[in-house]
Amino acid sequence: MSFDVPEDCRYRETHEWARHESGTVRVGITDFAQDELGDVVFVELPAVGDALESGAEFGVIESIKAVSDLYAPVSGDLTAVNDDLIDAPELVNEDPFGDGWMLEIDPADPAEFEALLSPSAYDDQTA
Amino acid sequence: MSLRTPPLAADHAASGAKLTAFGGWEMPLEFDSIRTEHEAVRGSVGKFDVSHMSQLAVSGPDAGRLMNRLTTNDVAELAPGDAQYSAITDADGVVLDDTVVYRLPEGAPSDAAFLFVPNAGHDAEMTQRWARHTQRWDLDATVENATDGYGMLAVQGPEAIELLGGLCESPGSVSRFSVAPREIAGVECLLARTGYTGEDGVELLFDADAAAAVWSALSCQPCGLGARDTLRLEAGFLLSGQDFDAEDNPRTPYEAGIGFVVDTDTPFVGRDALSAPGATDPEERLVGFRLADRGIARHGHEIVADGDPIGAVTSGTMSPTLGDAIGLGYVPEGYADPGTELGIVVRGDTKRARVETPPFY
C-alpha cells in the first residue's frame with residue numbers, strides 16, 4: 001500500500017506534517033499515521049495563543065483502538081486550531097493533509113522547518 | 001516466544017488485514033476499518049476468524065461429572081445439542097476464565113461428550129487443570145486439547161441466518177444456545193447459535209484444514225478483533241484477562257456480574273467460597289458507564305466519586321453505534337446503581353460519567 005506524501009510538506013519522524021501557509025506553519029498528521037490509527041474518534045488540541053516547542057507534545061489523538069501523542073514540528077505561538085475536528089474527528093482519516101489539519105503556528109525559528117524531513121526522506125521511513 | 005497462527009493466516013496476510021498479537025496468537029485486527037466492520041455486524045452480517053479461541057474435548061462415562069467439578073454451571077441441564085455459558089473458578093471462587101460448554105449432538109464430527117471453549121491462550125492451562133482433577137477424583141474421563149485441530153469462525157448480525165441459509169440446511173432451526181451438525185462448502189461443521197456481539201448469529205467449528213473453504217464460502221464483511229471488541233463491549237460482555245484476571249484483578253462471578261452462571265447445587269471447585277454468606281452481595285461489582293464529557297475511558301483509568309478514587313476502568317472505547325464513550329469498571333456497591341454520577345480520570349482530567357446498564361446500542 002502506498003500513502004500520500006505531498007511534496008509541499010515537511011515531516012517529523014513521529015508522522016506529523018508541516019506546511020507553509022501564508023506566513024504561518026500548518027500542522028497535521030500524515031496519511032500513513034491516520035491509516036495506522038484507524039477510525040479517529042477524538043482529537044485533543046491546545047488553545048490559540050499557547051506557545052508550542054518543537055518536539056514537545058501538543059495534544060493527543062485517539063482512534064477506536066489506540067491513543068497517540070502529537071508532537072510539534074516547529075516552535076511558536078498557536079494562531080489557529082481546527083475546531084471542525086471537535087465534532088468531526090473523522091476528517092483526519094478522510095483528508096489528513098486538507099480538512100483534517102490541526103494547528104497553525106507562527107514559527108519562531110525558520111531553521112526548524114528546514115530541518116524537518118523532506119518528502120522523500122519521510123517516504124523512505126514509512127516504506 | 002513466537003505467536004500461534006490460525007489456519008487462515010496466509011489468507012489474512014493476502015487480504016491486507018492489519019494483524020495484532022492477542023492471547024499468544026497473531027490474529028486480524030481489522031480488514032477495512034473497525035467502524036465499517038462494526039456497522040456491518042449491527043446492520044447486516046460479518047464474519048470473524050476466531051480460531052484463537054481454545055477448544056477442549058471431554059470424553060468418557062464421567063465426562064459430565066468432571067465438567068460439573070470444574071465449571072460453575074450445571075451441565076446436567078444440557079441435552080445433546082445444548083450449549084451453556086459458564087465460568088471456571090478456583091477454590092476461592094475467583095474466575096480463571098469464562099467459557100461456553102457444548103454438549104455435542106448426535107452426528108457431530110467429534111465423538112466427545114462435551115466440547116468447551118475457553119479464551120485464547122488458556123488451552124494448555126485448562127487441559128492440565130482438567131487432567132489433574134480427573135486423576136484427583138479418580139474419574140473415568142479424558143480431556144483432549146483440540147485447539148490446533150479446530151478452525152472456528154463466527155458469523156454475526158441480523159442477516160447471519162439468511163446468509164447461512166444459502167450454504168446449509170435450515171440454520172434457523174438451530175435455536176439460541178444450541179449446536180447441531182451442518183455441512184457448509186462440503187465441510188462437516190458444528191453450527192452453534194452463539195456469539196459475542198449481541199447480535200443473532202452462529203459460531204462454526206470444523207477441521208482446521210478446511211478453514212479456507214468455509215471462510216471463502218461466506219460472502220460478507222470480514223471483521224477483525226477490533227470490531228469484535230467494540231461489539232462485545234457495547235453488548236456488555238466480559239473480556240477474559242481484562243474485565244477479570246485471576247492474577248491482576250481477581251473477581252468472583254458475582255463481582256463480575258455473571259452470578260447467573262453459578263449453580264451451587266453442583267460440587268464445583270469454588271462452590272464453598274461462592275456459597276459463603278455475603279458472596280452474592282459483593283462489596284464491589286462491575287458496572288457499565290457512559291461518558292457525558294468529551295474523552296475516552298480506557299483500561300486502567302481511575303474511577304472517582306466526589307474526588308476520591310473508588311475503582312478502575314477495565315474496558316473502555318468509543319461506541320461506534322452511539323458515538324459516545326462507554327466502558328466497564330468495578331465500583332463499590334453504593335455507586336453501582338444506574339444513573340449514579342462517576343468521574344473517569346483521563347490524562348489528569350476528570351470526565352463526568354454515569355452508570356448505565358448495557359447494552360450500549
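Read-outs throughout are calculated quantities, based only on the coordinates presented, and are distinct from any laboratory measurement. If you're wondering where the values come from, they're calculated on a predicted model, not measured in any experiment. Quick reminder, even Gly has a Cβ in these numbers, built from the backbone with ideal geometry, and neighbours come from all protein chains shown.
With contacts defined as alpha carbon pairs under 8 Å and 6 or more residues apart, what's the relative contact order of chain B in percent?
Numbers: 869 pairs, mean separation 64.7, N = 361.
Over chain B, the number comes to 18 percent.
log₁₀ I(q)/I(0) of chain B at q = 0.10 Å⁻¹, via Debye over equal Cα point scatterers, no solvent, to two decimals?
Calculated log10 I(q)/I(0) at the listed q: -0.62.
Considering chain B as a Gaussian network with a 10 Å cut-off on Cα pairs, which listed residue, B:Ala21, B:Ala325, B:Ala40, attains the greatest mean-square fluctuation?
Result for chain B, Cα springs under 10 Å: B:Ala21 fluctuates most.
Taking the beta-carbon count within 10 Å as an exposure proxy, list A:Tyr11, B:Tyr254, B:Tyr85 from fewest neighbours to most. Don't skip to the end; give the middle numbers.
On the way: A:Tyr11 23, B:Tyr254 20, B:Tyr85 16.
Neighbour counts put them in this order, fewest first: B:Tyr85, B:Tyr254, A:Tyr11.
Grab the Cα-Cα distance for B:Ser15 and B:Ala131, subtract it from 0.36 nm times how many residues apart they are, and report the gain in nm with one decimal. Don't skip to the end; give the middle numbers.
Values: separation 116, 0.36 × 116 = 41.76 nm, distance 3.96 nm.
Answer, rounded to one decimal: 37.8 nm.
Using 1/(1 + (r/R0)^6) with R0 = 35 angstrom and r between the beta carbons of A:Asp95 and B:Ala292, what's the FRET efficiency to the nearest 0.05? Walk me through the intermediate numbers first.
Values: r = 30 Å, r/R0 = 0.85.
Computed FRET efficiency for A:Asp95 and B:Ala292 comes out at 0.75.
At 25 °C and a viscosity of 0.890 mPa s, what translational diffusion coefficient does Stokes-Einstein give for segment B:56-129, taking Rh as the Kirkwood radius over Cα pairs? Give it in µm²/s as a whole number. Please list the in-between numbers first.
Numbers: Rh = 12.5 Å.
My calculation gives 197 µm²/s for D.
Can you give the helix-only mean residue ellipticity at 222 nm for chain B, where every DSSP H stretch with n ≥ 4 adds -39500 (n - 2.57) and the sum goes over all residues, rounded to the nearest 500 deg cm²/dmol?
Working: 8 runs with 68 residues, N = 361.
Roughly -5000 deg cm²/dmol at 222 nm, from the helical runs in chain B.
Simple spin-label model, 7 Å along Cα-to-Cβ: B:Glu333 to A:Asp124 in nm?
Each label point lies 7 Å from its Cα, and together they span 6.6 nm.
Looking at B:Leu78, B:Phe177, B:Val269, which one has the Cα that reaches farthest to the positive end of the dipole of the protein assembly as shown (charges on Cβ: Lys, Arg +1; Asp, Glu -1)?
B:Leu78
From the mean inverse distance of alpha carbon pairs (Kirkwood) and the Cα radius of gyration, derive Rg over Rh for segment A:1-125.
Numbers: Rg = 13.2 Å, Rh = 14.2 Å.
Result for segment A:1-125 is an Rg/Rh of 0.93.
Over segment B:130-203, consider all pairs of different Cα atoms and compute the Kirkwood hydrodynamic radius from their mean reciprocal separation; express it in Å, one decimal. The partial results should precede the final answer.
Details: mean 1/r = 0.0706 Å⁻¹.
After inverting the mean inverse Cα-Cα distance, the result is 14.2 Å.
Over all alpha-carbon pairs in the protein assembly as shown, figure out the percentage whose distance exceeds 28 Å. Don't skip to the answer; put the middle values down first.
Numbers: 69146 of 118828 pairs.
More than 28 Å apart: 58 percent of the Cα pairs in the protein assembly as shown.
Test of understanding: in a Gaussian network model of chain B with alpha carbons linked when under 10 Å, which of B:Ser319, B:Ser110, B:Ser173 would top the mean-square fluctuation ranking?
In this elastic network of chain B, the residue with the biggest mean-square fluctuation among B:Ser319, B:Ser110, B:Ser173 is B:Ser173.
Test of understanding: express the Cα radius of gyration of segment B:31-190 as a ratio to 2.2 N^0.38 Å, with N the residue count.
On the way: Rg = 16.8 Å, N = 160, 2.2 N^0.38 = 15.1 Å.
Relative to the 2.2 N^0.38 Å estimate, segment B:31-190 comes out at 1.11.
Check cross-link reach from B:Lys47 to the aspartates and glutamates: straight Cα distance under 16 Å, and skip same-chain residues fewer than eight apart.
Within the straight-line cut-off, B:Lys47 pairs with B:Asp11, B:Glu30, B:Asp32, B:Glu37, B:Glu39, B:Glu159, B:Glu162, B:Glu199, B:Asp200, B:Glu203, B:Asp229.
Which Rg and Dmax, in Å, describe the Cα atoms of segment B:284-355?
Rg, Dmax (Cα atoms, Å): 10.6, 31.
When the dipole is taken about the Cα centre of the protein assembly as shown, and only Lys, Arg (+1) and Asp, Glu (-1) are charged at their Cβ, what size is it in debye, to the nearest 20?
Working: 31 positive and 87 negative charges, 324 e Å.
About 1560 debye.
Within segment B:323-361, list the residues whose amide N lies under 13 Å from a label point set 7 Å along Cα→Cβ of B:Val304.
Backbone N within reach: B:342-353.
Give me the tail of P(r) for segment B:171-329 as a percent: Cα-Cα pairs with distance above 21 Å. Don't skip to the answer; put the middle values down first.
Details: 7582 of 12561 pairs.
Within segment B:171-329, distances greater than 21 Å cover 60 percent of Cα pairs.
If contacts are Cα pairs under 8 angstrom and at least 6 residues apart, what is the relative contact order of segment A:11-113 in percent? All intermediate terms of the calculation are to be shown ahead of the outcome.
Working: 236 pairs, mean separation 32.9, N = 103.
This gives 32 percent for segment A:11-113.
Taking only C-alpha pairs under 8 Å that are 6+ residues apart, what is the relative contact order of segment B:301-361 in percent? Could you put the intermediate results ahead of the total?
Values: 103 pairs, mean separation 19.0, N = 61.
Dividing the mean separation by the residue count of segment B:301-361 yields 31 percent.
Over chain B, with a Gaussian network built from C-alpha contacts below 10 Å, which listed residue (B:Pro320, B:Pro250, B:Pro309) shows the highest mean-square fluctuation?
Greatest mean-square fluctuation among the candidates belongs to B:Pro309.
Dipole of chain B, Cα-centred, from +1 at each Lys and Arg C-beta and -1 at each Asp and Glu C-beta, to the nearest 20 debye?
Values: 26 positive and 56 negative charges, 115 e Å.
So the dipole magnitude of chain B works out to roughly 560 debye.
Run the quick spin-label model on B:Ala124 and A:Ala56: label points 7 Å from Cα toward the beta carbon, then report their separation in nm to one decimal.
Result for the modelled spin labels: 4.8 nm.
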